[in-house]
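Following: one structure in structure tokens, then a few remarks.
The values are calculated or read from the model by the stated rules, or taken from the named source; none is laboratory data. Being a predicted model, the structure only gives us computed values, none of them experimental. With ideal geometry, Cβ positions are generated from the backbone for all residues, glycine too; neighbour counts draw on all protein chains shown. Surface areas here come from the heavy atoms of the whole protein model, side chains and all, with no ligands, DNA or RNA. Shrake-Rupley method; radii C 1.70, N 1.55, O 1.52, S 1.80 Å.
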Amino acid sequence: MGRSMTLPPVKQLLLLWITIPCIYKINATNTDSLLSSSIKNNEQDCNLNTPTWPLHPQKLTTPAGYPLYYLLPPKTKTPPQGVLIYLHGCYHSGHDFFLMPEERIIVQHALCSNLAVVSLESSDQNWGCWREADAALFWDADDYDNNQYNIDYDDYDNYHFGDDAITKWMEYVDLPKNLPRYGMGVSSGASILLSGFMSGDILKLDAVASYIIYPGQVDYNNMEEDLPPPTIFVHMPKDGATADHVANYRRKMVQNEIGVKEFMVHSKPFDVARCVSKIPELGGEEKCLKLITHLIDNYAHLLDPDTFEVKVGHEDKGWLKAWNEIKTELVGANGSIDSFKDVYYTSKMGREEKDGQLALIPELTFKSTPWIWACVLEEIGVCYARHKMTVEYIDEVFQFFREHGGGGMDGEKDTSIGGEL
């Protein structure tokens, strides 16, 4: 049954202390106005110290027939100075970049940095993973059969490259063709971007940000001939072999005088302050306090009662058990948030439309799990620091883009080799 749901006085004071800044910020802004500005109208708030709500991207279809999601900087700013191209990881869709807690903050940073943001989607509609054959999604080749994934990389010079999907999208939204292009990939998406063929010949990237690269798709035999453009690596040591793969890339890139930097993400507490700032749609400090209290009172093997350290990964079934016990008090019996009924549609992320519009906050994720639970689980995974997308080091990532983007983002091109930070 667990212990009493009442926190000891010391923990009450601690939770109150870490929550005070977030209480002030949440209470200072009307929830309805936040929902209206962030979701319904896409009015970008560049005060990045306030919680970021889900965003509502525009949707197009690529020449290969797959979704493409995008947002442009506010028209009140100067013309966009570059394009951020995002490739998701497995079990995700292109829509997630604008909806999940960590990713949507990155989108907000990009838009406020005057970058147009576009998120592509893999051809794998079951697992969501990227494959080398997905290069076909980005270009038109007269002699390529889109139903047979058999690219001959030794003979790709003989393919007739047409305008790639990104170029066509840039034309559609009236962006100059010569804008710098920056790639950001997660897990299998990062593996694809680390191919020089993909990032150079296909997407024409000036720089790449690789997050939690999935090492199973890396071919070191061809690395020397297929290196990516300047790359910044953000990874988590708990991913195990990933660090070794990053080290291999780093060594090869330094030898070839290609700009490279590396940042490692470590664990952090999952406390009320983080819950409120990263998942505002859960309901603010009252709901977050209720969730944290339930965890430390009944699941101390998951969340340390004293330090709020996440002790096991998000895959542990105990997290779902704990959520199922408390979810009715947090989000209602149906697993969604009653106050947001006007923006919930029963659909998978980006898969269905209603009256010609994308689902703003879908109830189900790509994996058909409740969306709000997926948001909570993402933050748990980020705090545990194993194979999750994170907004950490985003300032350093954008600075790296500025240094290697040919003058985009108000920066000067810098071809220096970065050190480990």
**Fill in**
Inside the stretch 365-374, the number of residues satisfying the requirement of being surrounded by fewer than 23 Cβ atoms within 10 Å (Cβ to Cβ) and in contact with a helix residue (DSSP H, G or I) (Cβ under 7 Å, 6 or more places away or on another chain) is 1
**Request:** Starting from the stretch 162-190, take each residue that is more than 15 Å from residue 97 (Cβ to Cβ) and of a type outside the set (Val, Ile, Thr) and list its partners that are assigned to a helix (DSSP H, G or I) and open to solvent by 10 Å² or more (accessible area, probe 1.4 Å), counting only C-beta distances under 8 angstrom and pairs at least six apart or across chains.
**Result:** 163/171; 177/167; 177/171
**Request:** Exactly one condition in (1) over 23 Å from residue 100 (Cα atoms); (2) open to solvent by 20 Å² or more (accessible area, probe 1.4 Å); (3) part of a loop (DSSP other than H, G, I, E, B) is not met by residue 228; state its number.
**Result:** (2)
**Asked** Does residue 116 fit the bill of being aliphatic (A, V, I, L, M), part of a loop (DSSP other than H, G, I, E, B) and closer than 23 Å to residue 179 by Cβ?
**Response** no
**Prompt:** In the stretch 180-205, how many are modelled with pLDDT under 95 and assigned to a loop (DSSP other than H, G, I, E, B)?
**Reply:** 6
**Request:** Just give me the residues in the stretch 281-290 being closer than 12 Å to residue 379 by Cβ and either modelled with pLDDT under 95 or over 24 Å from the mean Cα position of the chain (by Cα) (or both), in sequence order.
**Result:** 282
**Message:** Let me spell it out: the conditions are (1) more than 22 Å from residue 389 (Cα to Cα); (2) open to solvent by less than 20 Å² (accessible area, probe 1.4 Å); (3) in a loop (DSSP other than H, G, I, E, B); (4) modelled with pLDDT under 90, and residue 35 meets all of them except one. Which number is the exception?
**Reply:** (3)
**Request:** Considering only the stretch 389-399, state which residues are open to solvent by less than 40 Å² (accessible area, probe 1.4 Å) and part of a loop (DSSP other than H, G, I, E, B).
**Result:** 389, 390, 391
**Asked** When you scan the stretch 109-138, how many residues do you find that are under 23 Å from residue 402 (Cα atoms) and either open to solvent by less than 10 Å² (accessible area, probe 1.4 Å) or without any contact (Cβ under 8 Å) to a residue 24 or more places away in the chain (or both)?
**Response** 9
**Matching residues, the stretch 280-328, being out of contact with any helix residue (DSSP H, G or I) (no Cβ under 9 Å at 6 or more places or on another chain) and under 24 Å from residue 50 (Cα atoms)** = 286
**Message:** Taking the criterion of being touching a strand residue (DSSP E or B) at 6+ places or on another chain (Cβ under 8 Å), over 22 Å from residue 370 (Cβ atoms) and buried (at least 24 other Cβ atoms within 10 Å of the Cβ), would at least one residue in the stretch 88-105 satisfy it?
**Reply:** no
**Message:** Within the stretch 363-387, take every residue that is modelled with pLDDT under 95 and assigned to a loop (DSSP other than H, G, I, E, B) and give me the one that is nearest to the chain's Cα centre (by Cα).
**Reply:** 387
**Fill in**
The residue that is least open to solvent (accessible area, probe 1.4 Å), considering only those in the stretch 257-295 that are small (Gly, Ala, Ser) and assigned to a helix (DSSP H, G or I), is 273
**Request:** Scan the stretch 52-96 for residues that are in a loop (DSSP other than H, G, I, E, B) and within 16 Å of residue 121 (Cβ to Cβ) and report the count.
**Result:** 12
**Prompt:** Looking at this structure, is residue 254 hydrophobic (A, V, I, L, M, F, W, C), in contact with a Phe, Trp or Tyr (Cβ under 7 Å, 6 or more places away or on another chain) and not in a loop (DSSP other than H, G, I, E, B)?
**Reply:** no
**Prompt:** Could you give every pair whose Cβ atoms fall below 9 Å, whose first residue belongs to the stretch 246-265 and is over 14 Å from residue 211 (Cα atoms), and whose second residue is in a helix (DSSP H, G or I), counting only separations of at least 6 or pairs across chains?
**Reply:** 248/220; 252/220; 258/252; 259/253; 259/400; 259/403; 259/404
